[in-house]
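J.: I'd like to ask some things about the structure below.
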Amino acid sequence: MRNNGFDPNFPADAGRELRDVAREGYQLSRDDSVRDLRALLWSSIDNRESRDLDQVECAERLASGGFRLLVGIADVNAFVPQGSAIDRHAAANTVSVYTPAVIFPMLPERLSTDLTSLNEGVDRLAFVMELVVSESGDISSKDVYRALVHNRAKMDYETVGAWLEGGEPPDEFARAPGLEEQVRLQDEIARALHVLRRKNGALELERVEAVPVVEGGRVLRFDARRHSRAQGIIESLMVAANTAMAAFLEERGVPSLRRVVRAPERWPRIVETAASFGEHLPDAPDPRALADFMSRRRAADPGGYAELSLAILKLLGPGDYTVEAPGLEQQGHFSLAVNDYTHSTAPNRRFPDLVTQRCLKAAAEDASAPYTLEELQAIAARCNLMESAARKIERLMRKVAAATLLGAHVGETFDGVVTGAKEKGTFVRLFDPPADGRVVRGEAGLDVGDRVRVRLLSTEPERGFIDFARAG
């Protein structure tokens with residue numbers, strides 16, 4: 001962490017602040033401007049191990065047609081005043097870092113997993129985004145306000161996803177009457193939002209997350225966590241909230257941060273990849289053409305779609321934070337096929353979301369903007385720098401875990417796909433186990449997306465080194 005510019009420890013004055021902000025936050029919950037929405041059937045769906053819960057959702061079908069969707073976001077700003085010691089530490093680190101061994105939270109755990117976490121069975125302050133969604137997925141109105149909420153059920157992606165595909169219902173349904181109908185309604189809204197995004201050219205990439213299973217300091221295995229239908233619900237609702245909030249800020253002339261994924265520099269390689277399947281893509285980057293190609297490939301080869309998705313994801317490259325100045329045309333989010341997109345739904349673990357929350361509060365209350373353009377530009381630059389550093393740390397620690405696991409398999413061969421081909425080296429992701437390493441022999445001519453068979457030459461867990469030779 002320190003080698004990559006992070007401070008893994010909270011300053012001493014942050015501890016003193018915690019005692020004060022806990023008291024002040026609860027006082028804010030009794031403010032007359034805070035709506036009491038605890039009677040609604042709020043619930044959350046997240047990773048099973050998640051403790052820093054940022055979002056809860058609930059919805060209703062409108063008599064006039066369409067839906068009312070409420071997304072409750074943890075009101076972190078109520079407990080983390082702008083300019084406080086905790087805020088300054090968050091502004092420096094900008095993001096929570098997740099490794100197989102330990103989590104380095106952006107905020108003290110007393111906040112991120114307790115006071116500002118929308119945990120099951122407790123009253124919490126939230127910043128609510130209220131959207132009216134048509135049956136075709138259009139958002140016809142949006143509003144933001146503060147409220148008191150009560151999460152009735154913390155559910156996980158695996159269980160809800162399996163149930164949506166015909167499996168056993170989550171235990172939480174029995175404890176919360178009406179929850180099953182509520183989740184089905186959210187699924188219906190998510191499908192409508194997804195269909196509209198797909199028409200506009202949004203990509204549908206199948207992501208497989210490699211999760212090291214560590215017990216007692218030992219790496220037991222790597223689990224491949226596949227994208228589930230339950231994740232699709234939350235992703236669709238969060239995309240809707242983030243695009244709506246970007247529009248809300250723009251309409252009120254409040255400068256804010258935007259998340260952009262630019263047109264990929266490696267578009268020619270994407271064109272080559274499509275040509276290898278007998279498909280044609282235009283010479284200039286075109287998200288809708290790429291989305292149509294990917295949709296056809298999913299239908300033609302469902303089993304190989306995750307492999308293709310990984311290659312395309314690597315070729316698209318990561319996103320960046322930029323500043324939206326009112327009245328100026330900005331770049332959009334290439335893979336989501338939207339022009340305006342902000343990060344606002346995870347303020348417990350991303351500093352840009354906390355910044356956006358403050359901007360939204362100011363806009364909703366017709367107050368002065370909390371940040372100048374110059375301050376936002378500095379924040380965006382810092383967040384881009386530290387997000388890249390966080391990815392580097394997380395990638396390294398996954399390699400450390402993988403090198404530990406693979407140490408007993410030197411000399412064996414594995415199938416994989418090339419995920420990186422630059423001057424610094426050629427890298428491959430194995431299919432089983434889903435581990436990453438470098439091809440140090442026979443790498444000439446390999447490029448991102450190529451399927452390859454490799455032989456494991458050596459591992460060095462202390463440095464996260466996994467070296468392969470091309471095996472044919």
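The values are calculated or read from the model by the stated rules, or taken from the named source; none is laboratory data. These numbers come from a predicted model, not from an experiment. Because the Cβ atoms are built from the backbone with ideal geometry, glycine has one as well, and the counts that use them run over all protein chains shown. The protein model used for the area step is the full one, side chains on, heavy atoms only, and it has no ligands, DNA or RNA in it. Shrake-Rupley method; radii C 1.70, N 1.55, O 1.52, S 1.80 Å.
J.: In vacuo Debye scattering of the stretch 76-205, one point per C-alpha: log10 I(q)/I(0) at q = 0.23 Å⁻¹?
T.: -1.24
J.: Here's another thing I want to ask about it. Could you calculate the contour length gain from L396 to A378, that is, 0.36 nm times the residue separation minus the distance between their Cα atoms, to one decimal place in nm?
T.: Gain in length upon complete extension: 3.8 nm.
J.: So, R0 is 22 Å and r is the distance between the beta-carbons of R225 and K199; what FRET efficiency does that work out to, to 0.05?
T.: Computed FRET efficiency for R225 and K199 comes out at 0.15.
J.: Still on this structure: Using Cα-Cα distances under 8 Å and only pairs 6 or more residues apart, what relative contact order does the chain have, in percent?
T.: 16 percent
J.: May I pose another question? If I compute solvent accessible area with a 1.4 Å probe over the protein chains, what percent of it on the stretch 164-260 is carbon and sulfur?
T.: The value for the stretch 164-260 is 45 percent carbon and sulfur by accessible area.
J.: So if a site counts as exposed when it's one of the GluC sites (Glu not before Pro), its DSSP state isn't H, G, I, E or B, and it has at most 12 other Cβ atoms within 10 Å, what's the longest stretch of the chain without one?
T.: Longest stretch, sites excluded: 50-164.
J.: Given a 1.4 angstrom probe, what's the average accessible area per residue across the chain, in square angstrom?
T.: Result: 45 Å² of accessible area for each residue.
J.: Compute the Kirkwood hydrodynamic radius of the stretch 163-291, taking the inverse of the mean of 1/r over all pairs of distinct Cα atoms, and give it in Å to one decimal.
T.: 18.7 Å
J.: To the nearest 0.05, how large is the calculated FRET efficiency for L457 and V213 if R₀ is 25 Å and r is the Cβ-Cβ distance?
T.: 0.50
J.: Using label points projected 7 Å from each Cα along Cα→Cβ, tell me how many nm separate L385 and D301, to one decimal.
T.: For L385 paired with D301, the spin-label model returns 4.3 nm.
J.: Quick test of the membrane-span-like rule: which DSSP H helices of the chain reach at least 18 Å along their long axis (C-alpha atoms) with mean Kyte hydropathy at least 0.5? Write down the numbers at each step before the final one.
T.: Working: long enough: 12-28 (25 Å, -0.94); 179-199 (30 Å, -0.69); 229-251 (33 Å, 0.62); 287-300 (20 Å, -0.59); 351-364 (20 Å, 0.34); 373-406 (49 Å, 0.25).
For the chain, where a helix must reach 18 Å along its axis and average at least 0.5, the hits are 229-251.
J.: OK, next. Computed on alpha carbon atoms, what radius of gyration and Dmax characterise the chain, expressed in Å?
T.: In Å, with Rg to one decimal and Dmax whole: 22.7, 70.
J.: In Å, what Kirkwood hydrodynamic radius results for the stretch 314-469 from the alpha-carbon pair distances? Walk me through the intermediate numbers first.
T.: Numbers: mean 1/r = 0.0540 Å⁻¹.
When all Cα pairs of the stretch 314-469 are included, the Kirkwood radius is 18.5 Å.
J.: What Kirkwood hydrodynamic radius do you get for the stretch 405-472 when you take the inverse of the mean 1/r over all pairs of distinct Cα atoms, in Å? Mind dumping the intermediate values first?
T.: Details: mean 1/r = 0.0862 Å⁻¹.
For the stretch 405-472, inverting the mean 1/r across all distinct Cα pairs yields 11.6 Å.
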